[in-house]
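Each reported figure results from applying straightforward, stated rules to the coordinates on display, with no laboratory input. Because the structure is a prediction, the values reported are computed rather than measured. With ideal geometry, Cβ positions are generated from the backbone for all residues, glycine too; neighbour counts draw on all protein chains shown.
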Amino acid sequence: MSGTIYRPLVVREADITIANRIAAQLGFQTDNGELAVQYLSKIHPHLVIKAYLDLGIIFRPCVEKIFDGIDPLITNYPVNMSIRRSVPIMMGYCDSETMFRYHDKETFSKNIFSLYINSTYDLGEDVDVGNIVKQFYLGEKEISIEVISEISAFDSDFNFVHPIQTRIKELISHGSTVYHYMFTYSGDRNFVKKRCKKKLKGACHADDIAFLFDISYEGKPTDRDQLVINRMTTLFANFAKYG
C-alpha cells in the first residue's frame, strides 16, 4: 500500500558525495567526506537543512558495507532477493496518491518533473528528460496550482503506480498469484484528504486506511462510508483467510 521495491525512494546505491555537496553549498569546498562532516557538525542545523533542500537532495536507505563487530541492517538490494511463488499477494494504490503534497505556493516553485527524474536517474545533460515528461503531463501549461491534478498524477505515477505495476508484472512472470486493487472512493473518512483540505476528485495516500481500521477521532460512519467499510474489510479478510 505504500509502494514497492521499485519505488525511487527505496534502497539505492550509496551516495558518498552528499556531505561534500552540502558543505560546498555552504562555502566549504572539499573532496574529503570526513572533513565535510566535521565542517557541517559546526554549522547551525537550520542552515544545513536549507542547503540540502536547495540542492534537491533526497536521502535514501542504501546497502551497507560490512564492518567487523557491526550488525548491518541492509545487506542486499531487495530486487536481488528471491520471490516466494507460494505466497499470494495483494497490492494496490489510491487513484490520487500524492495530492496531499501540493498545498502552498512553494510547492509549485520548483520543476518537480526535473527534480524527481534527475535525482533518480543519471541521464546526463544531453536531453532534458524532465521537461519532456512535463510536456506529456502539462502540455504547454506552466507549473502552478491550476494544474495540481496533472502534477499529482505525475507524482503518483512516478512514486506509486508505475513501481507497483512493474512489481506486479514481475511477480506474475514468476508464477505468483497477485490481487490488484485501486481505491477511488472519496467520503467523510478520507482523513488524509480532509487534513489537507483538498476538494479534488479521488482518494490520496493512506485514505483507504480509515475504511479498514477504526479511526478514533472520526464519528459514526455515514451510510455510504459504512458500505465501503464493509466491502474493504470483506476484501481484506477474505484475502487473509483464503488467499
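Based on Cβ point charges of +1 for Lys and Arg and -1 for Asp and Glu, what charge dipole magnitude is obtained for the chain about its Cα centre, in debye rounded to the nearest 20?
Working: 28 positive and 30 negative charges, 183 e Å.
It works out to roughly 880 debye.
You can think of it this way: the chain between Glu64 and Asp214 has 50.2 nm of extra reach, that is 0.36 nm per residue less the Cα-Cα gap. Given +1 at the Cβ of Lys and Arg, -1 at the Cβ of Asp and Glu and no other charges, the dipole of segment 23-149 around its Cα centre is 360 debye to the nearest 20.
Summary value for the chain: 25 percent relative contact order, contacts being C-alpha pairs under 8 angstrom separated by 6+ residues.
What list do you get for Asp157, Asp54 if you sort them by fewest beta carbons within 10 Å?
Values: Asp157 16, Asp54 10.
Ordered from fewest to most neighbouring Cβ atoms within 10 Å, Asp157, Asp54 come out as Asp54, Asp157.
Taking only Cα atoms of segment 137-243, what ratio of Rg to Rh do you get with Rh as the Kirkwood inverse-distance radius? Expressed as Rg/Rh, it is 1.03. Suppose R0 equals 30 Å; then what is the FRET efficiency for Asp54 and Val10 from their Cβ-Cβ distance, rounded to the nearest 0.05? Efficiency, rounded to the nearest 0.05: 0.75.
What longest range of the chain stays clear of loop-exposed chymotrypsin sites (Phe, Trp or Tyr not before Pro) (DSSP non-H/G/I/E/B, at most 12 other C-beta within 10 angstrom)?
Values: sites that count: Phe59, Phe67, Tyr121, Phe213, Tyr217.
Of all site-free stretches, the longest is 122-212.
Please report the base-10 log of the normalised intensity I(q)/I(0) for segment 1-80, using a Debye sum with one equal scatterer per alpha carbon and no solvent, at each q in 0.12, 0.14, 0.16, 0.23 (1/Å). For segment 1-80, the Cα-only Debye profile gives -0.46, -0.61, -0.76, -1.06.
Would you mind ranking Ile70, Ile164, Ile148, Ile215 so that the residue whose beta carbon has the fewest other beta carbons within 10 Å leads the list? Present the calculation step by step, with values, prior to reporting the outcome.
On the way: Ile70 9, Ile164 22, Ile148 18, Ile215 13.
Least to most surrounded, the residues fall as Ile70, Ile215, Ile148, Ile164.
Placing unit charges on each Cβ (+1 for Lys and Arg, -1 for Asp and Glu) gives the chain a dipole about its Cα centre, and among Asn238, Ile89, Asn118 the Cα reaching farthest toward its positive end belongs to Asn238. Amide H to amide H, with H built 1.01 Å from N, Tyr181 comes under 5 Å of Met91, Gly92, Tyr93, counting only residues 5 or more places away or on other chains. Here segment 113-243 is treated with +1 on each Lys and Arg Cβ and -1 on each Asp and Glu Cβ, and its dipole about the Cα centre works out to around 820 debye. For a modelled paramagnetic label at Phe239, 7 Å from Cα along Cα-to-Cβ, the residues of segment 53-84 in reach, with backbone nitrogen under 18 Å, are 84. Working note: Debye formula, equal point scatterers on the alpha-carbon atoms of the chain, no solvent; log10 I(q)/I(0) at q = 0.09, 0.11, 0.14 Å⁻¹ is -0.54, -0.80, -1.17.
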